[in-house]
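The values are calculated or read from the model by the stated rules, or taken from the named source; none is laboratory data. Note that this is a predicted model, so its numbers are computed, not measured. Positions of Cβ are generated from backbone atoms using ideal geometry, with glycine treated the same way; all protein chains shown enter the neighbour counts.
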Amino acid sequence: MVVAVTTQIHVAVALVAAHLLGDFVLQTKKIAERKTSAYVLLTHALIVAALSYGLAGAWIAWEIFAVILITHAFIDFIKVKSKRRGLVVFTLDQLAHVAVIVALIQRLDLAPPALHWVGRFGENVSLVLVVIAGAVAATRVAGVVIGIVVLPFRDQFTTKREDVGFLAGGETIGYLERFLILVFVLAGELGAIGFLIAAKSILRFGELRDGHRKETEYVIIGTMWSFACGLVVALAVRALLDWL
């Protein structure tokens, strides 16, 4: 089913894309750790608000900037003060940001001519933003989720191997495999995902055949989560693109 891209749909897509870019691309791990500083916290919220206002392209809707700035700073402040970590906290934090976006677009009353980017480049702008948001979700967001899920297993290692690989090598491999899954799903080449799984299994075999059971199980768990997250995001993006 194809629907007309209304102002609400475009603004919603733009705000979600801006949030993902601001929280998971422009915000580094170092920035996230330093958000106990009011300056760092407000600067991060300011970047997300400016990006949201810019991608929405509704210049008369100044409340987009104001609401995102205030609520994003407040939500992040609560998270920092709670000092809690884990998948539940991460999920609640993201749902709070999404709830703000949903409430905001319900309040906006914009006519199509008010959307600068749609007026200039057409409704395909929303499709591009969906793909961008999907790429960020499949790589960076999924990476955070997987890192949280496998942390209890990683903590069970009592010794460290001398060959630990490249710094962030596993993380980069995860980004690439989930991005490729997104590309394959969008291209309609689902069979290629099977070859990707087989290729990774072959490359990992030499590393895992030496009797390191914990490491083997750890890698398998991380890999399964990675492929699962990649597939879920890719199929969701494909469904949304087909709907728009």
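Looking at Ala239, is it surrounded by fewer than 15 Cβ atoms within 10 Å (Cβ to Cβ) and modelled with pLDDT of 85 or more?
So Ala239 fits the description; yes.
Report, by residue number, each residue of segment 54-69 that is touching a residue at least 24 places away in the same chain (Cβ under 8 Å) and either surrounded by 15 or more Cβ atoms within 10 Å (Cβ to Cβ) or assigned to a helix (DSSP H, G or I) (or both). Quick ask: steps written out before the conclusion?
Narrowing segment 54-69 to residues touching a residue at least 24 places away in the same chain (Cβ under 8 Å): 54-61, 63-64, 67-69.
The answer is Gly54, Leu55, Ala56, Gly57, Ala58, Ala61, Glu63, Ile64, Val67, Ile68, Leu69.
Among the residues that make up segment 15-28, is at least one of them without any contact (Cβ under 8 Å) to a residue 12 or more places away in the chain and either among the small types (Gly, Ala, Ser) or in a helix (DSSP H, G or I) (or both)? Even if it seems obvious, please write down each step before you answer.
Taking segment 15-28 as the starting set, the residues that turn out to be without any contact (Cβ under 8 Å) to a residue 12 or more places away in the chain are 28.
Next cut, either among the small types (Gly, Ala, Ser) or in a helix (DSSP H, G or I) (or both) only: none.
No, segment 15-28 has no match at all.
Starting from segment 33-46, keep only residues that are touching a residue at least 40 places away in the same chain (Cβ under 8 Å), then list their pairs with residues that are of a type in the set (A, V, I, L, M, F, W, C) and assigned to a helix (DSSP H, G or I) whose Cβ atoms are within a distance under 6 Å, requiring at least 6 positions of separation or different chains.
So the pair list comes out as Lys35/Leu41; Lys35/Val80; Thr36/Val80.
Looking at Asp76, Asp93, which is the one that is in a helix (DSSP H, G or I), among the charged types (D, E, K, R) and within 15 Å of Leu42 (Cβ to Cβ)?
Working: Asp93 fails: within 15 Å of Leu42 (Cβ to Cβ).
Exactly one of Asp76, Asp93 is in a helix (DSSP H, G or I), among the charged types (D, E, K, R) and within 15 Å of Leu42 (Cβ to Cβ), namely Asp76.
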